[in-house]
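Colleague: First the structure, which I've put down as structure tokens, then a few questions once you've had a look.
The values are calculated or read from the model by the stated rules, or taken from the named source; none is laboratory data. What you see is a predicted model; the values in this text were computed from it and never measured. No Cβ is skipped: glycine too gets one built from the backbone with ideal geometry, and neighbour counts run over all protein chains shown. Note: accessible area is taken over every heavy atom of the protein model, side chains too, but ligands, DNA and RNA are not part of it. Shrake-Rupley method; radii C 1.70, N 1.55, O 1.52, S 1.80 Å.
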Amino acid sequence: MPLIAISACRKIEDYRQSILHVGGEVRVVDASTDVEDALRDIDGLLLTGGADVQPSRYGETAHATVQDAEAGRDDFELGLIAAARPRGLPIFAICRGVQVLNVAGGGTLVQDIPSLVRGALPHSFPAPPHESYSLAHEIWLDKDTLLARLMRERLSDADACEVNSRHHQAVKDVAPGFRVSATAPDGVIEAIEDPAARFCLGVQWHPENFWRTGEFRPLFEGFVEAAQAWSNASKK
């Protein structure tokens, strides 16, 4: 089974279960670990949700709404990405994760959607206190993308689906080499990917919350399959 490094966060269990239920093994890694030690023997990297990337990382001053992440988390996760991408290690990035991925590649972020995006939909819904997760809004997928290919059977040839939403920031300027693979109806970027990579995908919603019901299981299946292929190739 491929071994997946999951960056530590306050709500780790749904990420763990999402990987375990599609046949992966899990190692949770955090800023107390050296980057090379964290990635040793790893076959894929899952970047999780959390508070905001410091705007100084992409050359901006902080908006009043910016919420600081755990001490050392920006450095650690940017280091993980910098080490993982040249190796071709499969990367799946969720919510804060897609924002870190974009910043690591040289992109920027919308620091506060409600105050900076005219006509924006609501994107920040609190997590429910129980196991059911409501869907917040639609996203539109570009059909010629990894994201659309993974979700094809679930979409039944449609180019849209409903997602949950708990974010006040989003990708603004897309990092060089990446492309947008989904947007919300208000134009907010909901997914990006690197078409040159085996698997390098970031989504702005929280697919891990649906591991019990399977709405976004194909994303985790595709990620773990790519990690297994990377593992097989690296051992030749």
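Colleague: Can you tell me how many residues within the stretch 102-120 are of a type outside the set (S, T, N, Q), closer than 14 Å to ALA62 by Cβ and either open to solvent by 50 Å² or more (accessible area, probe 1.4 Å) or touching a Phe, Trp or Tyr at 6+ places or on another chain (Cβ under 9 Å) (or both)?
Modeller: Within the stretch 102-120, the first condition is being of a type outside the set (S, T, N, Q), and the residues that meet it are 103-107, 109-110, 112-114, 116-120.
Cutting the leftovers down to closer than 14 Å to ALA62 by Cβ gives us 103, 109-110, 112, 116.
Retained after the next criterion (residues that are either open to solvent by 50 Å² or more (accessible area, probe 1.4 Å) or touching a Phe, Trp or Tyr at 6+ places or on another chain (Cβ under 9 Å) (or both)): 103, 109, 116.
Counting residues in the stretch 102-120 that are of a type outside the set (S, T, N, Q), closer than 14 Å to ALA62 by Cβ and either open to solvent by 50 Å² or more (accessible area, probe 1.4 Å) or touching a Phe, Trp or Tyr at 6+ places or on another chain (Cβ under 9 Å) (or both) gives 3.
Colleague: Continuing with this model, one more query. If you check ALA233, ALA227, which single one turns out to be over 15 Å from the mean Cα position of the chain (by Cα), open to solvent by less than 10 Å² (accessible area, probe 1.4 Å) and within 21 Å of VAL22 (Cβ to Cβ)? Spell out the reasoning first.
Modeller: Details: ALA233 fails: open to solvent by less than 10 Å² (accessible area, probe 1.4 Å).
Answer to the selection: ALA227.
Colleague: One residue is enough: does the stretch 76-88 have a residue meeting the conditions at pLDDT below 95, open to solvent by 10 Å² or more (accessible area, probe 1.4 Å) and among the aliphatic types (A, V, I, L, M)? Reasoning before the result, please.
Modeller: If we filter the stretch 76-88 for residues that are at pLDDT below 95, which is where we start, we get none.
No: zero hits.
Colleague: Checking PRO176 against (1) modelled with pLDDT of 95 or more; (2) open to solvent by 10 Å² or more (accessible area, probe 1.4 Å); (3) assigned to a helix (DSSP H, G or I), which test does it fail?
Modeller: Only one criterion is unmet by PRO176, namely (3).
Colleague: Against the definition (open to solvent by 10 Å² or more (accessible area, probe 1.4 Å), of a type in the set (Asp, Glu) and in a helix (DSSP H, G or I)), how does GLU36 come out, yes or no? Lay out the reasoning, then the answer.
Modeller: Values: open to solvent by 10 Å² or more (accessible area, probe 1.4 Å): yes; of a type in the set (Asp, Glu): yes; in a helix (DSSP H, G or I): yes.
Yes: the conditions hold for GLU36.
Colleague: Output the residue which, of all residues in the stretch 185-212 that are at pLDDT 95 or above and of a type in the set (Gly, Ala, Ser), is surrounded by the fewest Cβ atoms within 10 Å (Cβ to Cβ).
Modeller: ALA196
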